[in-house]
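**Student:** Before I ask anything, let me first share the structure, which is written out below as structure tokens.
Any read-out appearing in this document is the output of simple, stated calculations on the displayed coordinates, not a laboratory observation. Please read all numbers here as calculations on a predicted model, not as lab measurements. Neighbour counts are summed over all protein chains in view; Cβ atoms, including those assigned to glycine, are modelled from backbone coordinates with ideal geometry.
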């Protein structure tokens, strides 16, 4: 799904809320849009038709989205902490407005946090290219833990609901 299609599915209240967020942080609009498009494209290329379900591919996509938002916004504001805080703000906003069941919301929030942690602890000097990030997350995806109840997400691994 394209970024434009995502925006078109928002309700008026959601659009106002999103406009308010970007009005407070206008420099974050372009890098956030770029990161969102890129995470959808990479996930769609690697996991066509499955990255929207609640499996390992979805865990990958959420973590990737957060890494890319933090990386792209860092180029604009030059402050790692602000980039991480923005990635949390915008992805938490998404989960607040996305119609998800409780376990799926917990899963998404957890995987978002894992993505930010990966960005935060990325080895200094190691290239943060799309291919390196993708390779790292594909490995992490293979270690993803299946959760049954929200408390199962209290771990340091990616988590998923569907599949094994």
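**Student:** Hey, among the residues in region 135-155 that are outside any helix (DSSP H, G or I) and within 12 Å of residue 107 (Cα to Cα), which one's nearest to the chain's Cα centre (by Cα)?
**Tutor:** Per the stated criteria, the residue is 144.
**Student:** Just name the residue that is surrounded by the fewest Cβ atoms within 10 Å (Cβ to Cβ) out of those in region 54-74 that are touching a strand residue (DSSP E or B) at 6+ places or on another chain (Cβ under 8 Å) and assigned to a helix (DSSP H, G or I).
**Tutor:** By that ranking, first place goes to 56.
**Student:** Take the residues in region 110-140 that are over 22 Å from residue 37 (Cβ atoms) and without any contact (Cβ under 8 Å) to a residue 40 or more places away in the chain; name whichever of them is surrounded by the most Cβ atoms within 10 Å (Cβ to Cβ).
**Tutor:** Step by step, filter region 110-140, then rank; the result is 117.
**Student:** Condition check: without any contact (Cβ under 8 Å) to a residue 60 or more places away in the chain, under 21 Å from residue 129 (Cβ atoms) and surrounded by fewer than 22 Cβ atoms within 10 Å (Cβ to Cβ). Does residue 47 satisfy that?
**Tutor:** Working: without any contact (Cβ under 8 Å) to a residue 60 or more places away in the chain: yes; under 21 Å from residue 129 (Cβ atoms): yes; surrounded by fewer than 22 Cβ atoms within 10 Å (Cβ to Cβ): yes.
Yes.
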